[in-house]
Amino acid sequence: MKFEPDTPVNANVITRHEPGRIWVGQLAIEYSVLVPWRGALQDWQVARFQDLAVSHFDRIAALEPEVVVFGSGARLRFPPPSLLESLMAQRIGIETMDIAAACRTYNVLASEGRRVLAAMLIERVAETPGTAA
């Protein structure tokens, strides 16, 4: 009989996602965010894929994860290799996928006790005309 929890104590868990939003535990997040395997979430301060810069990935490297799961938004988009140099220099793995796949993959790795960090690019969802309050 197994008595260990599926997710390590104090691990961050992504509990839900939808267009323009993810939940970490009970917290709804509507902005790009760094979700480390444990500890505080961090605002990633990037609003659009085309705004990604070396400094965004340098910030991730400074957190020293074992592997990064990059959620590139609603669709799969790969950042240019030139942006990833700080990760490669520290031998930090990076996997790129759409946000839905990134949520699932992050949770699996976190549940295994891995030092994983989810870098979630959450872009504003365009409002449908006539729906603004």
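Some points to look at:
- Backbone amide hydrogens, once placed in the peptide plane, bring Gly39 within less than 5 Å of Asn12, excluding anything fewer than 5 places away on its chain.
- Our summary gives the chain a relative contact order of 32 percent, counting only alpha carbon pairs under 8 angstrom and 6 or more residues apart.
- For region 36-80, with +1 on Lys and Arg beta carbons and -1 on Asp and Glu, the positive-most of Val68, Leu41, Pro79 along the dipole: Pro79
- Cα-based shape type of the chain, given that a ≥ b ≥ c are square roots of the gyration tensor eigenvalues and the cut on a/c is 1.5: oblate
- ³J(HN,Hα) computed for each position of region 54-62 - Karplus, 6.51 cos²θ - 1.76 cosθ + 1.60, integer Hz, glycine/proline x: 3, 4, 5, 7, 4, 4, 5, 4, 5
- Computed magnitude of the charge dipole of region 36-93 (debye, nearest 20; Cβ of K, R +1, Cβ of D, E -1): 220
We did not get these values from a lab; they are worked out from the coordinates using the rules stated. Everything numeric here is computed off the predicted structure, so don't read it as measured data. Cβ coordinates were reconstructed from backbone atoms using ideal geometry, including for glycine residues, and neighbour counts include every protein chain displayed.
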